[in-house]
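Right, one structure below, let's go through it.
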Amino acid sequence: MEQHQKQIFYKSAFVAGAAFGILNFILNVINGYLTLGLDPNANPIFNISTYGPIFICLLSLGGGLVGIWLYSKNCDVPIKVGQGAGLGALAGFTMVVIAMVLELIWSVINPEFYDNIFQHMITIIENSDMPEEQQQMFTDQLYTSTKSKFSLSTIFFNLLGGSFTALLNALTGMLGVKLYINEPDEF
Amino acid sequence: MIHRLFSGDSLSDSKLLNGLLVGLSMVMAVSLSPPILSQISGNWVSFAYLPFHQLCHQMAERSFAVNGIPLAICARCLGIFTGLWVALVVLTIGLPYKKFMLLTRVSIYLFMAVLSVNFIQFFIEISTGAVSGNLVRYILGLGLGVHVILVIYSRSATLTNSYIHHGTASKTDIL
């Protein structure tokens, strides 16, 4: 790969990853505030804040696709499907790392945010019909995801999630090559 | 046929695809692990959910559960991962190529159709409050996963060459 092509390749991956990571973080914060406004006694199925995470998870797959689109706009040299997978994986991993760093910074700037979400979700769980054992399990899960953000185990499992996101963005990157790059491909 | 998965002389002829298969297998294993981990330790269960919180909403009522313990991902995501995995396995070990390859000619249209059905089903749910079962979401996700792989493999020059090399079809059959 030529130097110019390499630069565009990596730039596309990092720009797409950064953009989606920031967007992911912002939507998570908005969804958090919407959740705090939710009546703890209401059925969450029919509340719009319940569906925020669904859009957020769709966003998590877009890094690879958008990265390839950015590459196709800035460089005429076609890339192979395998290279598209690499670009997608890099974009996906960048997205997760940036979202994680922003969440850590936010938890320092606004420590009450995650505490309030934790308390609010605990209230919803306690008001539900779940068996006690399941309530305890969800409480542990919530604690891990909201209050113990700085623990090494949480960071490790978040990075593991980053590798899963990278894998799926590799697939969307491959899909992007089929959609946006106009050459017969080879692996 | 299983030995062809990592032999390098299978249809994929690509370490990337084998790597994707191994990676997807890990994703499936971790996503299915909470009911098993709950028997060992409650702490491990909460860690099993963490890797997927960026990828999936993980709503318990939209996830399959074993012994009351929801899996780490929702039914639709599980269907997508299953579809991806099954399609990659089929292509890698070289099961009915001809019929499978016929689908790749119209793969992009099938993919758009399956994606549209998924979105329509989702918007019907949120606008009317009607709740489809997890099985419906799983099947829709399965279709989506399979068709992503079909689109990726569609019109692939390497695929065509491998067909001719392995003698499973004549050139006129493909083109």
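The values are calculated or read from the model by the stated rules, or taken from the named source; none is laboratory data. From a predicted model like this one, the values you see are computed outputs, not experimental measurements. When we count neighbours, we look across all protein chains shown, and the Cβ atoms used for this are built from the backbone with ideal geometry, even at glycine. Surface areas here come from the heavy atoms of the whole protein model, side chains and all, with no ligands, DNA or RNA. Shrake-Rupley method; radii C 1.70, N 1.55, O 1.52, S 1.80 Å.
Quick one: which of B:115, B:159 is within 12 Å of chain A (Cβ to nearest Cβ), closer than 20 Å to residue B:77 by Cα and either assigned to a helix (DSSP H, G or I) or modelled with pLDDT of 85 or more (or both)?
Of the residues listed, the single one that is within 12 Å of chain A (Cβ to nearest Cβ), closer than 20 Å to residue B:77 by Cα and either assigned to a helix (DSSP H, G or I) or modelled with pLDDT of 85 or more (or both) is B:115.
Residue by residue through region A:137-167, note down the ones that are at the interface with chain B (Cβ under 7 Å from one of its Cβ atoms), under 17 Å from the mean Cα position of the chain (by Cα) and either modelled with pLDDT of 70 or more or within 21 Å of residue B:16 (Cα to Cα) (or both).
A:154, A:157, A:158, A:160, A:161, A:164, A:165, A:167
Look through region B:52-81, keep the residues that are among the aliphatic types (A, V, I, L, M) and assigned to a helix (DSSP H, G or I), and return whichever of them is farthest from residue B:149 (Cα to Cα).
B:60
Cβ-Cβ below 8 Å, separation at least six or inter-chain, first residue in region B:73-95 and more than 20 Å from residue B:132 (Cα to Cα), second among the small types (Gly, Ala, Ser) and part of a helix (DSSP H, G or I): which pairs?
As it stands, the answer is B:84/B:145; B:85/B:25; B:85/B:145; B:86/B:145; B:87/B:145, since those pairs meet every condition given.
When both residues are 6+ apart or on different chains and their Cβ atoms are under 7 Å apart, which pairs have a first residue that lies in region B:49-64 and is more than 25 Å from residue A:93 (Cα to Cα), and a second that is assigned to a loop (DSSP other than H, G, I, E, B) and aliphatic (A, V, I, L, M)?
Every condition considered, the pairs that remain are B:63/B:71; B:63/B:73; B:64/B:71.
For region B:141-155, indicate whether the set of residues that are among the aromatic types (Phe, Trp, Tyr), modelled with pLDDT of 50 or more and surrounded by 14 or more Cβ atoms within 10 Å (Cβ to Cβ) is non-empty.
The answer is yes, given that some residue of region B:141-155 is among the aromatic types (Phe, Trp, Tyr), modelled with pLDDT of 50 or more and surrounded by 14 or more Cβ atoms within 10 Å (Cβ to Cβ).
Among the numbered criteria (1) open to solvent by less than 80 Å² (accessible area, probe 1.4 Å); (2) at pLDDT below 85; (3) over 20 Å from residue B:127 (Cβ atoms), which single criterion is violated by residue A:42?
Of (1) open to solvent by less than 80 Å² (accessible area, probe 1.4 Å); (2) at pLDDT below 85; (3) over 20 Å from residue B:127 (Cβ atoms), only one is false for residue A:42: (3).
Considering (1) open to solvent by 10 Å² or more (accessible area, probe 1.4 Å); (2) at pLDDT below 90, say which one residue A:113 fails and leave the rest.
The number of the failed condition is (1).
Of the residues that sit in region B:14-35 and are of a type in the set (A, V, I, L, M) and more than 17 Å from residue B:74 (Cα to Cα), which one is farthest from the chain's Cα centre (by Cα)?
Once the filter is applied, the top-ranked residue is B:16.
Please state which one of B:9, B:13 is part of a loop (DSSP other than H, G, I, E, B), away from chain A (no Cβ under 12 Å) and at pLDDT below 80.
Every option except B:9 fails the conditions.
Could you list, in sequence order, the residues of region B:48-79 that are under 24 Å from residue A:97 (Cα atoms), open to solvent by 20 Å² or more (accessible area, probe 1.4 Å) and in contact with a Leu (Cβ under 8 Å, 6 or more places away or on another chain)?
Once the filter is applied, which keeps residues that are under 24 Å from residue A:97 (Cα atoms), open to solvent by 20 Å² or more (accessible area, probe 1.4 Å) and in contact with a Leu (Cβ under 8 Å, 6 or more places away or on another chain), region B:48-79 yields only B:77.
Does residue A:85 fit the bill of being modelled with pLDDT under 90 and among the small types (Gly, Ala, Ser)?
For residue A:85, the condition - modelled with pLDDT under 90 and among the small types (Gly, Ala, Ser) - is met.
Hey, among the residues in region B:29-42 that are in a helix (DSSP H, G or I) and open to solvent by 30 Å² or more (accessible area, probe 1.4 Å), which one's farthest from the other protein chains (Cβ to nearest Cβ)?
B:36
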